[in-house]
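The structure appears below as structure tokens.
The values are calculated or read from the model by the stated rules, or taken from the named source; none is laboratory data. On a predicted model such as this, the values are computed, not experimentally measured, just so you know. With ideal geometry, Cβ positions are generated from the backbone for all residues, glycine too; neighbour counts draw on all protein chains shown.
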Amino acid sequence: MPELQRLHADHAPAVLAFELANRVYFAASVSDRGDAYFEQFTDRYDALLAEQEAGVCAFYVLVAGDGSVLGRFNLVDITDGTAELGYRVAEHAAGHGVATATVRKLCRLAAERHGLHTVRAATALENTASRRVLTKAGFTPAGPADPSDVGGRPGTWYQLSVSLPPRTGASRLEGN
């Protein structure tokens, strides 16, 4: 069963393999990362880990039983209880509810682990699959996205309020 794991240094080879194997698939719906991304992968990956360590981002990977990466799920620009969500799922895993289930889980973690109250995500209008994932995960449209936020394409921002689950076993004073 796939497991959502916080990104760490040991994931680097599997993340690179995931990005390379799905490059053409991703480029059909989001801007291509470009050759420089792959040529400088180690430096860029180390920079992500440093951002995560600094607390400005939280990066996660969905790892299959064989250690391969099925998806990347990120909370970026964490500030004042808010973060932006980004995600991508391998072509062979798409269309099976993997993205929706993992986005839901990450949104719970956003509140529990990262103290967030709001998660936002921008997607291109033409990216029907991503819009469906966000809607199924409980996000609602929050206004137009600047084309620079979605690879130069027209888009929409979505938003979800997240909160900690209610505490269980809390005592109540009776008769007051």
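Side notes on the structure shown:
- Output for segment 97-108, where each listed residue is part of a helix (DSSP H, G or I) and either more than 14 Å from the chain's Cα centre (by Cα) or in contact (Cβ under 8 Å) with a residue 60 or more places away in the chain (or both): Val98, Thr102, Lys105, Leu106
- Considering only residues in segment 144-174 that are aliphatic (A, V, I, L, M) and farther than 15 Å from Arg88 by Cα, the one that is modelled with the highest pLDDT turns out to be Leu160.
- Test: residue in segment 115-122 that is within 23 Å of Ala21 (Cα to Cα) and surrounded by 16 or more Cβ atoms within 10 Å (Cβ to Cβ): no
- Among the residues examined, Arg44 qualifies as farther than 20 Å from Ser130 by Cβ and of a type outside the set (Ser, Thr, Tyr).
- Within segment 8-50, the residues that satisfy the criterion of being among the hydrophobic types (A, V, I, L, M, F, W, C) and in contact (Cβ under 8 Å) with a residue 60 or more places away in the chain are Phe18, Ala21, Phe26, Val30.
- Selection within segment 64-96 - of a type in the set (A, V, I, L, M) and not in a helix (DSSP H, G or I): Ala64, Val69, Leu70, Leu75, Val76, Ile78, Ala83, Leu85, Val89, Ala90, Ala94
- Which listed residue, of Val69, Val103, is β-branched (Val, Ile, Thr), touching a strand residue (DSSP E or B) at 6+ places or on another chain (Cβ under 7 Å) and farther than 19 Å from Ala142 by Cα: Val69
- Those residues of segment 89-127 which are farther than 19 Å from Val150 by Cβ, aliphatic (A, V, I, L, M) and out of contact with any His (no Cβ under 8 Å at 6 or more places or on another chain), in sequence order: Ala90, Ala93, Val98, Ala101, Leu106, Leu109, Ala110, Leu116
- Just one of (1) farther than 20 Å from Gly151 by Cβ; (2) under 15 Å from the mean Cα position of the chain (by Cα) fails for Leu48. It is (1).
- Residue count for segment 126-143 under the criterion of being surrounded by 12 or more Cβ atoms within 10 Å (Cβ to Cβ), at pLDDT 95 or above and not in a helix (DSSP H, G or I): the result is 5.
- The single condition from (1) in a helix (DSSP H, G or I); (2) surrounded by fewer than 16 Cβ atoms within 10 Å (Cβ to Cβ); (3) modelled with pLDDT of 95 or more; (4) not small (Gly, Ala, Ser) that Val24 fails is (3).
- Of everything in segment 50-62 that is in contact with a Leu (Cβ under 7 Å, 6 or more places away or on another chain) and not hydroxyl-bearing (Ser, Thr, Tyr), the residue that is surrounded by the most Cβ atoms within 10 Å (Cβ to Cβ) is Leu62.
- Flag for Ser148 being over 25 Å from Glu3 (Cβ atoms), small (Gly, Ala, Ser) and in a helix (DSSP H, G or I): yes
- For segment 115-125, filtered to residues that are farther than 23 Å from Ser163 by Cβ and part of a strand (DSSP E or B), the residue that is modelled with the lowest pLDDT is Ala124.
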